[in-house]
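The values are calculated or read from the model by the stated rules, or taken from the named source; none is laboratory data. As the structure is a prediction and not an experimental result, all values here were calculated from the model. Note that each Cβ is placed from the backbone with ideal geometry, even for glycine, and that neighbours are counted across all protein chains shown. Just so you know, the surface numbers come from the protein's heavy atoms only, side chains and all, with ligands and any DNA or RNA stripped out. Shrake-Rupley method; radii C 1.70, N 1.55, O 1.52, S 1.80 Å.
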Amino acid sequence: MMLSVRDLKVSFRTDDGLVRAIDGVSFDLEEGEILGVVGESGSGKTVSLLAVMGLITDPNAVIEGSIRYKGRELVGLPARELRRLRGNEIAMIFQDPMTALTPVYTIGWQIAEQIQAHQRLSRSAALDRVEELLAEVNFPNPREAMSRYPHQLSGGMRQRAVIAMALSCNPALLVADEPTTALDVTVQAGILDLVRKLRATHNSAVVFITHDMGVVSELADRVMVMYAGRIVERGSRSELFNDPSHPYTRALLGSIPPLTGDKPRRLPAIPGSPPSLLRLPKGCAFGPRCPARYEPCDAGKPDLAGGSHAAACFRVAQA
Amino acid sequence: MTGTDQPILETRALSKRFSIGTRFSSEGRRVVHAVDNVSLTVRRGETVGLVGESGCGKSTLARCLVRLYDITDGQLLFDGDDITAKSLAELRPVRRRLQMVFQDPSASLNPRRRVGDLVAEPLRVHAKLTSAGIRERVAELFDLVGLLPDHVGRYPHEFSGGQRQRVGIARAIALNPDLVVLDEPVSALDVSVQAQIVNLLADLQDKLKLTYIFIAHDLSVVRQVSTRIAVMYLGSIVEEGPSEEVFSAPAHPYSQALISAVPVVETTPSGRRKRIILSGDVPSPLKPPAGCRFHPRCPVAKDRCRTERPALVEHKSGRKVACHFPASV
């Protein structure tokens, strides 16, 4: 097992009290596997992966649970050790590529710096490697692109440059947080292809965070659906899309307008909006919006129950 | 729903150009052709969807249509009346019939004012109503968009994104407009909330006999709401036609690539569609390519496309396409 997360809890001390952003998340990831994490804003998908990367530096954050990477416990690991892992073994790409690029250096300079931070290479060898990487992410003219500054590139090219940077050390694990959300669909298609290629050539494991069910169904081997800081359903792609069992997953899939075939007169919408983490309902967090809610749902929070395909729902458990 | 013959809005060869830079900047003064020669007819009661990648000019076009931008060239007709060059004062009676909803409700609502006030504002400006009349109308509007009566005293930050967009919609329909231009109205919302707003817009259209121009980058949402769609590329319309037909059988190679790139939930692996991946990026509108503007990325481009720019012409009944070699549909 490459990555094994057990009962991860992340809380933040705020003026309004303790906010539990992640409430007991457990998952495993194998080599060469693509895990899709879906959820709406505030569902905890980003925070849980930031915790895995050791990137929650907020002094008001409390992280509990266990995160094992290749058998090694990451929770409580000194910053120095974590830094050695990040970039080298584990890489991350974000929604906005400008957060990962500095505007004052050229693309070539930045990627070469990243390579030299982790590998003993001469400057010219590092620059050659940059050219290779940019060609790999489909830059038509990599040498020329290396002398460009980030503002001179389009959004899609910037994101590809960040991916080249993330791939520079052949990471065993790539965490991608909504990397295509700000991009056009035509550009997105190319980025998804790159992620698939990375898995095929380096057998890297990928965690892909998105709110787009379509993207997940095209890319992921396994899927995890999050709501209000908990996993509500997980399973293989076909289990989740052919046979969704949690009412939230079903409702979410149902509310997406179809691109082909008959269009419904009205979309089956989910009432209400995602809850604030400060004011979570007492029982199941989805309860107030759930069409299948009954008495047990108000009493306690359902646990994730089942084998490879599991759902956190009293109704499903009872059936 | 099909409209009557009288178009509510019509553009004739409308163009919008921006000058950027100064004569002191390194490249000197340059001109961006943001919207280039767009002729579009919108009939009463229909919903026209505008789609295209970022930078294709769809938002600029939307802003020209409500005269938030001045029009560089061409004509804009609203209900048969030429409003291309009308002054602000002359525009006032038109404005109440022509409204707009913006993408980000938290940016378009003043955070220091109560939402009841925000919805009342257009009524104060345009409608001759007493303060009791305004209160009554605001309550009616709140009910219409699915907000509770006691929400009037709250501030925008006290609402979720979906509710804020309802406030934006209430403001836009306050004066009983004929046409509402919706620029990415659901893009900033959570997936589970998008469907509510899409349904609300459909209900309002039925009840108030509204005409919509709907802009979104999410093609499945556009397909859901639109009766007709126009696909834009680099400032021009490259294909136009009934939404169902364009989605099921796009004729322009760009429309084909765009529609094929949308990731959809496939339950059967065999049902996976063939994907056309375009090479390169959208060229800069500062230096649009010669000939057909799509030719450098087009998988079927021929010599003629490199020199001669295709016009948007009727390809089949009700469908227009700007391509020398459109797919047979």
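A few remarks follow.
- Adding -39500 (n - 2.57) for every DSSP H run of four residues or longer, then dividing by how many residues chain A holds, sets the calculated 222 nm ellipticity at -9500 deg cm²/dmol.
- CD proxy at 222 nm, helix term only [per DSSP H run n ≥ 4: -39500 (n - 2.57); per residue of chain B; nearest 500]: -9000 deg cm²/dmol
- Percent carbon-and-sulfur accessible area, the protein assembly as shown, ignoring ligands, DNA and RNA, probe 1.4 Å: 50
- Each Cα pair under 8 Å and six or more residues apart adds its separation to the average, and for chain B the resulting relative contact order is 19 percent.
- Reducing the range A:216-251 and the range A:89-121 to their Cα centroids gives an inter-centroid distance of 33 Å.
- Compared with the rule-of-thumb size 2.2 N^0.38 Å for a compact globular protein, chain A has a Cα radius of gyration ratio of 1.05.
- Legend: residues A:177, B:143, B:79, sorted from most to least accessible area (1.4 Å probe; ligands, DNA and RNA excluded), read B:143, B:79, A:177.
- The value for chain B of Rg(Cα) / (2.2 N^0.38 Å) is 1.05.
- Karplus-derived HN-Hα couplings along the range A:260-270 (A = 6.51, B = -1.76, C = 1.60, θ = phi - 60°), whole Hz, x at Gly and Pro: 9, x, 5, 9, x, 5, 10, 7, x, 8, 8
- Placing +1 on the Cβ of every Lys and Arg and -1 on the Cβ of every Asp and Glu, with nothing else charged, gives the range A:3-248 a dipole about its Cα centre of roughly 760 debye.
- Evaluating 6.51 cos²θ - 1.76 cosθ + 1.60 at θ = phi - 60° for every residue in the range A:112-124, the Karplus couplings come out as 5, 4, 4, 5, 5, 5, 10, 10, 7, 9, 6, 4, 5 Hz, glycine and proline recorded as x.
- Antiparallel bridge percentage (DSSP; both residues within the protein assembly as shown; nearest 5): 60
- Fraction of antiparallel bridges per DSSP, the range A:3-248 only, in percent to nearest 5: 60
- By the equivalent-ellipsoid construction on the alpha carbon gyration tensor, the range B:156-198 comes out with semi-axes of 19, 13, 8 Å, ordered largest to smallest.
- For residue A:21, distant residues with modelled amide H under 5 Å away: A:10, A:11, A:12
- Cβ crowding within 10 Å averaged over residues, with A:228-237, A:136-145, A:182-191 ranked highest first: A:228-237, A:182-191, A:136-145
- Net dipole in debye of chain B [+1 Lys, Arg Cβ; -1 Asp, Glu Cβ; about Cα centre; nearest 20]: 680
- The C-alpha atoms of chain B define a longest principal axis, and helix B:191-208 lies at about 70 degrees to it.
- Reach of residue A:9 by Cα under 20 Å, taken over aspartates and glutamates that are not fewer than 8 positions away in the same chain: A:23, A:28, A:40, A:58, A:64, A:73, A:177, A:233, A:303
- Relative packing of peptides B:207-215, B:189-197, B:25-33, B:276-284 - highest average C-beta neighbours within 10 Å first: B:189-197, B:207-215, B:276-284, B:25-33
- Gain upon complete extension [residue A:122, residue A:299; 0.36 nm per residue less C-alpha separation]: 57.5 nm
- Most mobile listed residue (B:202, B:107, B:301) in chain B, GNM with C-alpha springs under 10 Å: B:107
- Global geometry of the protein assembly as shown, whether rounded, prolate or oblate, following the gyration tensor of its Cα atoms and the 1.5 cut on a/c: oblate
- Which listed pairs, of A:263/B:58; B:58/B:128; B:58/B:209; A:45/A:282; A:263/B:320; B:58/B:287, have C-alpha distances above 30 Å, in listed order: B:58/B:128
- Crossing angle, helix B:131-144 versus chain B [Cα axis fit, 0-90 degrees, rounded to tens]: 50
- Proximity of backbone amide H atoms, modeled 1.01 Å from N, is registered between residue A:226 and A:38, A:39, A:232 at under 5 Å, excluding neighbours fewer than 5 places apart on the same chain.
- Crossing angle, helix A:155-167 versus chain A [Cα axis fit, 0-90 degrees, rounded to tens]: 80
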